[in-house]
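Beneath this line is the structure, given in structure tokens, with notes to follow.
The values are calculated or read from the model by the stated rules, or taken from the named source; none is laboratory data. Keep in mind it's a predicted model, so treat the numbers as computed, not measured. Glycine also receives a Cβ, built like all others from the backbone with ideal geometry; neighbour counts cover every protein chain displayed. Note: areas computed on protein heavy atoms with side chains; ligands, DNA, RNA excluded. Shrake-Rupley method; radii C 1.70, N 1.55, O 1.52, S 1.80 Å.
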Amino acid sequence: MRAPVAAVALAAMSQSGAAAAEPVLKLGEIEDDFVRMIVCAAPLLVVGLLSLVFVLVLRAKLKAKKTGKDIGHPKIDYLAAKVKSGALAFLKEEYKYLSAYVLGWAVILIVLFTADPKKPEADDAWSDGIRSAFCMVLGAFLSGLSGFIGMTVATDGNVRTTVACASGSLNDGLRVAFTAGAAMGFGVVGLAAAGLSLVVIVMKPNRGQLETVQYTHSFGFGASSIALFARVAGGIYTKAADVGADLVGKVEAGIDEDDPHNPAVIADNVGDNVGDVAGMGADLFESYIGSIIGAATLAKESPQMLAFPLWLGAIGLIGSFIGFFFVRTKEEGNGKNTNLTALMFALEKGMYIANLIFLVLAAVLVILLFGPEEEMGWRFYGCVIVGLVAGMAIGKGTEFFTSFDYGPTISIKDRARTGPATVIIQGMGVGMVSTILPTIILVVAIVICNELGGELGEYGIALAAVGMLGTLAVSLSTDAYGPVADNAGGLAEMAGLGPEVRAKTDALDALGNTTAAMGKGFAVGSAVLTAMSLLAAFKDQLDLPDGSFDVCDPLVLAGLLLGAMLPFLFGALTMLSVGKAAGAIIKEVRRQFREVRNAKGVPLMDAIKRASAGETIPADEDVHPDSDRCVALAARAAIREMLAPALFALFAPLSIGFAVGPRCLMGALAGSTVSGCPLALAMANAGGAWDNAKKLCEKLGVKRDFVGRACVVGDTVGDPFKDTSGPALNILVKLMAVTALTIGPLLRGRADWETWRIGAALLAACAASTGALVRSGALSWGTSAAAVAA
């Protein structure tokens, strides 16, 4: 079994440390267990709280920037307020559903772990249910809060970015947009760091180290659940609005992307915030804590191995603090013709500085915790380096396949000469080919870390995940910057600002597309390593004999097949949801083009024709669309459509684990990871390449001809690929792993089919829920019931 092997390895490490130089901090010699746990977790807690203080500083700095009224353009403020109110209304409605979900699971955890406590011999064993429920609720709350903070900061930042570009230089706009992104990045990581370390400290009384860490599994389960709902619902909302706005506005009516006459344009900008910001915030909150939870669980009873990933999180935040101040540029901003390489370096140098500081401080940690001559400590350090380098390499590989500076994306534009069909075929091929490089990078990273770790190879792989996400605060800042810049460009066009302003926002937006694509590739890589560490931790929890998970075993193989199918089911459900919701919005936009009129009886389509011809329309002759109706349509559809994917994502690991057994569940977890990784990469990269092929047409001035329209069709196909299904697959893989880890104590030592009655009850509940969704129209081939009801 793995546990004795790990114990032997830990003992060997301690003996070698005695023969070599002693570690500076001898955590094992601290007699009081609670004090030792505080020493392990306190640095991450303190730095996490400092990060939240830094967010308050950034927010105050952002609020002090000029808005539209300060430069004589109050219309910008009006439009930004509509975007913010729409985003807030959606999140409030979404969080109502999620609150009921969280409370329901809290009750279930109380019942399960009160009846079967994690430590039955403890005097307060009855409190296990309450402890687990508290951790789950806290994780869910902080995950939702991270998304909410990101969304509010982004909606405050977009208007100020527009104004900075209108009244200042490109560097002014970059700094404002990056400040908004940084407020989200440091807010997400600060909440994750403070919350996770707080759980470790508060749960310690009357529990051993491993038992204490097990409560973080419930914390991770709560965070993963909210991340899934936020990503799916936000992704459906943003892409339904985006597809509707693009197909009817650009392709059919021939108007610009953010023309204020398009009824769906406000909903499109709202979607950028609820999907690309709030959803992404909850997603990466869960990734960050998941990587640390996996490593902390595999540390077992070793205090220095527990402290190492926690302290790595702390020093990563310190490096991110310093790296933030190195982001600036001297580029002038000439729309799509701006030197994107130089502009990209303006953002990347902040990450490079943060990573360098992180590695230097990580070496200091090795000396403090393991000693300067302890070989195993430096092997762990090598795993951290491998994870960090792998993340950067995956990001660069993604840039090659999705940037319009390179051949893959240019080839998609070239295929547009023969129509939309060949654009879609070429994009699918590019997406599939793009999986090769990141997969090889991940395989190499896993193999190297496993060899470096020796008997503790799984812990080494977990450290690689921690290393990859160590400077998440600054890398997330560059990712969150993208939607802010995108919204800023939309506000500039809707408010009728001059071409020189749009040139600057276009430059920022083009950069944002590249950072977003790189961020998605990075997210997939971190998801795989995190899922592997969680899977290894789950296997250790089960305490089954060696050979129990032989891939040739029928039950394990059956689980592999089931798990490999789930990402395709999940991807299909989210794609179908976007299609149904987008169909409803397309019908509504077409209706408004025909039927909406001003006081003089002029239809909206006539105003569009005049505006497209370059005519300036007097205010009393212009026609304003009913954008609020499209916002409401998208919101209702997204809330309804998020239920089916989430249902199967949650019931799958529970039903397999209890109905068949832990061995089949282990196979399912491995299968979902193996198929989910390349599928997510292919979808994200194909979508990014289609998007930038469209941007390339805009750069070349052919966006209104046959080639441009063909690329717009490709972009609309790619929208749900890269912003709905692809990102949500990362969460699916991690959610299944952390769900299994949460119920691991209940499956420990269980034989196959031993708990089939519980599994049968879960399957019956899943079938009943599926039937209810079919009857409501939320799970169907047709138009979304929510959209029709609107």
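Before moving on, here are some points about what is shown:
- Applying a threshold of 7 Å to beta carbon distances and a minimum spacing of six or more residues, or different chains, the list of pairs starting in the stretch 158-180 at a residue that is free of Cβ contacts under 8 Å to residues at least 12 places away in the same chain and surrounded by fewer than 24 Cβ atoms within 10 Å (Cβ to Cβ) and ending at one that is of a type in the set (A, V, I, L, M) and part of a helix (DSSP H, G or I) reads 172/164.
- Selection of the stretch 746-785 for residues being touching a Lys or Arg at 6+ places or on another chain (Cβ under 6 Å) and either open to solvent by less than 30 Å² (accessible area, probe 1.4 Å) or at positive phi (or both) yields 778, 784.
- Residue match in the stretch 196-215 (condition: among the β-branched types (Val, Ile, Thr), surrounded by 24 or more Cβ atoms within 10 Å (Cβ to Cβ) and over 30 Å from residue 538 (Cα atoms)): no
- Close pairs from the stretch 546-569: first within 10 Å of residue 669 (Cα to Cα), partner open to solvent by less than 40 Å² (accessible area, probe 1.4 Å) and among the β-branched types (Val, Ile, Thr), Cβ under 7 Å, at least 6 apart: 559/656; 562/656
- Qualifying residue in the stretch 246-263 (condition: of a type in the set (S, T, N, Q), out of contact with any Pro (no Cβ under 8 Å at 6 or more places or on another chain) and either under 27 Å from residue 635 (Cα atoms) or in contact (Cβ under 8 Å) with a residue 12 or more places away in the chain (or both)): no
- Some residue of the stretch 54-72 being open to solvent by 30 Å² or more (accessible area, probe 1.4 Å), closer than 19 Å to residue 180 by Cα and either at pLDDT below 85 or touching a Lys or Arg at 6+ places or on another chain (Cβ under 6 Å) (or both): yes
- Test for residue 330: is it in a helix (DSSP H, G or I), modelled with pLDDT under 85 and not hydrophobic (A, V, I, L, M, F, W, C): no
- Single match in 409, 398, 402 (criterion: modelled with pLDDT of 90 or more, buried (at least 21 other Cβ atoms within 10 Å of the Cβ) and not basic (Lys, Arg)): 409
- Selection count, the stretch 689-722, where residues are open to solvent by 30 Å² or more (accessible area, probe 1.4 Å) and either small (Gly, Ala, Ser) or touching a strand residue (DSSP E or B) at 6+ places or on another chain (Cβ under 7 Å) (or both): 1
- The set of residues in the stretch 90-118 that are touching a helix residue (DSSP H, G or I) at 6+ places or on another chain (Cβ under 7 Å), open to solvent by 50 Å² or more (accessible area, probe 1.4 Å), closer than 23 Å to residue 276 by Cβ and not acidic (Asp, Glu) comprises 95, 97.
- Taking the listed residues 346, 342, the one that is at pLDDT below 80 and open to solvent by less than 20 Å² (accessible area, probe 1.4 Å) is 346, with no other qualifying.
- Flag not set for residue 577, criterion: in contact (Cβ under 8 Å) with a residue 12 or more places away in the chain, farther than 29 Å from residue 87 by Cα and hydroxyl-bearing (Ser, Thr, Tyr).
- Search result, residues across the stretch 364-395 that are open to solvent by less than 20 Å² (accessible area, probe 1.4 Å) and in a loop (DSSP other than H, G, I, E, B): 371, 374
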